[in-house]
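Below: one structure, written as structure tokens.
The values are calculated or read from the model by the stated rules, or taken from the named source; none is laboratory data. Only a predicted model underlies this, so the values are computations on that prediction, with no experimental measurement involved. In this analysis, Cβ positions are derived from the backbone assuming ideal geometry, glycine residues included, and neighbour counts consider all displayed protein chains.
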Amino acid sequence: MILIGKDWKQVQIKLLTATGEWTFSPPLKVRGPIKRSGLGKALCPSLIARGAKVMLSCPVQVGRPAYQKDTDIDRVCSVDVGINTAATAAVVDSTGTVIARKFVTCGRHNDQRDKLAAQVADKQGKSHGGGDHRPGKGFCAKLYRRIAGLNLDVARRMASELAAFAKEHGAKVLVIEDLKGWRPKGPSKAMRNKFHRFQHRMLVKYLSGKAEELGMRVMEVYPRGTSRWAFDGSGKVARDKENAQLATFTSKKKFNADLNAAYNIAARGLAVLLKIAVPRLAGNGKSAETGKSTGPASRMPIVLADIWAFRAQNLAVAR
């Protein structure tokens, strides 16, 4: 049992003494601020012991915020989860103007995860012995647990960083691609391993939680073509064979491929908010809402240039 005072600083733990009697410990010192205190209803805390360290988990039940209407939202923050860069975010307003952009990396996490994965592969190779034998239950459980812990930690860190970035620049909606059930194919084993370790759904889960805490919305949009088409409406892009992070437009201009995708994701979120129906999207007359396509894949979906055109059209009508 844990006893916490009203100021969240008087923490006492109920202990069983050597004589068999229960007593409360002296007040413990809490190092660091209590996050989310005052944001909602405090729930039952938990004492977490990891070796010589003891941590106090103080959950808070946060009420669901009142979301703003679509017409009151003028900025969105799009997030493109990639292979080369962990996440690329861009804040775009209703006129199609890019307010800010951010690249989120997790190189240290990738190195640690890949090192652990290599240890698992090495143990699997030794356990097979050249035959059809497969490891049994509990094989490399400790290594798999450490990999899962690393993935969980990086998802939480990235979600906090992206949500703070969106809040800093006044965005009320986080726009992401609807990649649930996505089954990627890679030309090589190394690329397939990267796709397999693609932490999209875990990031979306914690990003949704952070957005709800900050009063934001999370919107999933149609994913096809965000990286394949140029945000300026010039057509398809060609990926650089020597540097996969670069995309070459038809005008021979080179641009960051992940940032290009982030701009197009933001455009599709704005198209939903502004009620822009572009028949070119998969040839079915829908807007940028998520859903499967039945039209020809050669048609250009919504890109950032469509938001520019919509804005210019409205200005011309107003004049």
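Here are the numbers:
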item	result
Subset of segment 256-280 that is at pLDDT below 85 and among the hydrophobic types (A, V, I, L, M, F, W, C) - its residue that is surrounded by the fewest Cβ atoms within 10 Å (Cβ to Cβ)	ALA277
Which listed residue, of LYS185, LYS236, LYS253, is in the same structural domain as PHE310 (by TED's automatic domain parsing), more than 16 Å from the chain's Cα centre (by Cα), at pLDDT below 80 and not aromatic (Phe, Trp, Tyr)	LYS185
